[in-house]
Amino acid sequence: MASFKLDIVTAEKVVFSEDVDMIVAPGLMGELGILPHHTPLMTTLLPGELRIRKGDDETVLAISGGFLEVRPTRVIVLADAAERADEIDVARAEAARQKAQDRLAHHPAAVDEEAAQAALARAVARLKIAEKVKRRRRNL
């Protein structure tokens, strides 16, 4: 089967760099699937789950938004933050969710609502992904 090079990069590090068969990313209009020989494009990504397929293996990452560029033989994800699902600190993600909800509910005049909504979306995405992986492991 054909494959393509996937690079997932944050400001701090290269999170992932391998040949893969397919990715599914959280785009603005819903999930965006990329296969080898996809038409070149560039799009914005939302906070959510980035799934990577290589053979029978699937790797799941939580991303907090960013950009995706498809080139003829390579896909580049420039993410604000990215972490493998099994590396998510659930307690930290829950605390971030609670803090964002509290800021929105109790301090609406003093809060940058867009930033608080973005923080809430990131925390919720991380929690959903961690729970999904936990359920998958229980079913194995």
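What follows is calculated from the coordinates using simple rules that are stated; it is not laboratory data. Since we're looking at a predicted model, the values are computed, not measured. Methodologically, a virtual Cβ is constructed for each residue, glycine included, from the backbone with ideal geometry; neighbour enumeration extends over all protein chains shown.
The table below lists the values:
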read-out: Neighbour-count order for SER3, SER64, fewest beta carbons within 10 angstrom listed first; value: SER3, SER64
read-out: Nitroxide proxy distance, nm - points 7 Å out along Cα→Cβ at ARG53 and ARG136; value: 1.3
read-out: Degrees separating the helix 90-106 axis from the principal Cα axis of the chain, which is the longest one; value: 50
read-out: Ranking of MET42, MET29 by count of other Cβ atoms within 10 Å, fewest first; value: MET29, MET42
read-out: Binned Cα-Cα distance frequencies in the stretch 89-138 - 10 Å width, integer %; value: 28, 44, 20, 7, 1
read-out: Helix axis angle, 113-138 relative to the chain longest principal axis, alpha carbon, degrees; value: 60
read-out: Mean residue ellipticity (222 nm) of the chain, computed from DSSP H runs ≥ 4 via -39,500 (n - 2.57), nearest 500; value: -10500 deg cm²/dmol
read-out: The stretch 1-61: trypsin sites (Lys or Arg not before Pro) falling in loop per DSSP and having at most 15 other Cβ within 10 Å; value: LYS13
read-out: Cα convex hull volume per residue for the stretch 4-85 (Å³); value: 75
read-out: Lys, Arg +1 and Asp, Glu -1 on Cβ, resulting dipole of the chain about Cα centre, debye, nearest 20; value: 400
